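Rule-based calculations on the coordinates, nothing more; no lab input. Worth saying up front: this structure is predicted, and the values here are computed from it rather than measured. FYI the Cβ positions are ideal-geometry reconstructions off the backbone, even for glycines, and counts take in every protein chain you see.
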Amino acid sequence: MRGGCWGLLCCVSFVLSSCGGSGGDVPEAAKVLRPGVGLYELVLPVKDELVRLGDPVDGRVWLRALKEIQGGAADPESKKTLDQRPKAEGLRFRWTGKMRVVKAGRGGPPLLSRPFRAWFLRTGERVLPAIGDKVKVAERKVRVKGILPKGAKAAPVLPDSLIRDPEPSFPWLWAGVFAAILALGAAWYLWKRRKKDGAGLPKPIPIPPGRRALIQLKELAQSLEEGSVSGEELVDQVTRVLRRYLDEALGLRTREQTTEEILRELARHPELAEMDRARLSSIVRQADLVKFAGQGADLRLSRELLEGARAFVLALEEKIRKKEKEAACA
């Protein structure tokens, strides 16, 4: 009978604590905290506030926010307090989890909580110091016993270097900075090497306009005989070669002009004789008939256009050389 009552009482207690949120885990002292005040909760290995030198001590900070928590978020001052690390001589402190909101029982105020781990590296009465200014976590005193037997003369003191965090965080920031420096160094090295390699190369010798035009016409004639280019394509290529040659040799802008504009422009150049203008006029008018009037270009016509273009370039080149020679003698 007693066992049944005891089980029923436990069930009722569990239901009540469930209805009140997670308030069963909140210490009684934290449930009555005033706004803006917090406290330390320690899980000590032995009683009487006594811990062993250098042993890890787990605990939790409980804090009632200065302002009411809305939507699970506390005010900035409360968050800032639980981001600080308390510092004191002979103390090593590390947060071991994130801050969370806990409801202090049914109808109780929401509290902020964050777990930590601390190591005391000096014997005697030690203090977990207060945290924060506006939102303050009260200090907590702890007695630390030594690890040497009684009667030992040496004072048991552990250096901070003997206590390491069990899970040290990887220095991502410094790794990123180092990687960026390596990338910049590699880019600078490749740029310098490319610049050095390019400095030793000889500059290409420019091909004179007349020589380039004659080479291109010769390649077109070879393609025509091999059958790799049609008559219509050849006519279009011949006019392109002649337009570029006139632009570079006489400083014209034939690639932006119509056939009539080109012929009027050539009439004002003394370098061209009447026969040269007539030859060029025949070539461009025949090309217009093929390109725009749909007239076919058989093998005979294509050969005549190629020969006329070649003769025009050779005649104009001869006059340009003669003019340059006369200018040099004068």
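Brief remarks on what is shown
- Rel. contact order, % - alpha carbon contacts under 8 angstrom, at least six apart, the stretch 209-329: 35
- When each of the peptides 234-243, 117-126, 297-306 is scored by how many other beta carbons lie within 10 Å of its residues on average, the order from highest to lowest is 234-243, 117-126, 297-306.
- For residue 328 and residue 259, the difference between the fully extended length at 0.36 nm per residue and the C-alpha to C-alpha distance is 21.4 nm.
- Put simply, the amide H of residue 111, placed in the peptide plane, has neighbours under 5 Å in 102, 103, 104, leaving out anything fewer than 5 places away on its chain.
- Ranked list, fewest to most other Cβ atoms within 10 Å of each Cβ, for 99, 275: 275, 99
- Look at the alpha carbon pairs under 8 Å that are at least 6 residues apart: their mean separation over the length of the stretch 25-147 gives a relative contact order of 32 percent.
- For the pair residue 307 and residue 236 in one chain, pulling the backbone fully straight at 0.36 nm per residue adds 24.1 nm over the alpha carbon distance.
- Rounded to the nearest Hz, the phi-derived 3J(HN,Hα) couplings of the stretch 132-144 under the Karplus curve 6.51 cos²θ - 1.76 cosθ + 1.60 (θ = phi - 60°) are x, 10, 5, 9, 10, 9, 5, 5, 9, 8, 9, 9, 10, where x marks glycine and proline.
- Neighbour net charge for residue 188 - beta-carbon separation under 12 angstrom, K R +1, D E -1: +4
- Under 16 Å from the Cα of residue 103 - lysines, other chains or at least 8 residues apart: 31, 67
- The Cα center of the stretch 83-108 and the Cα center of the stretch 126-143 differ in position by 11 Å.
- For the pair residue 293 and residue 244, the difference between a 0.36 nm per residue extended length and the Cα-Cα distance amounts to 15.3 nm.
- Whichever aspartates and glutamates have a C-alpha closer than 20 Å to that of residue 325, once near sequence neighbours (fewer than 8 apart) are set aside: 248, 271, 317
- Sites residue 95 and residue 52 - FRET efficiency at Förster radius 22 Å, r taken between beta-carbons, to 0.05: 0.50
- Amide H contacts of residue 144 (H built 1.01 Å from N, under 5 Å, at least 5 apart or other chain): 51, 124, 125, 126
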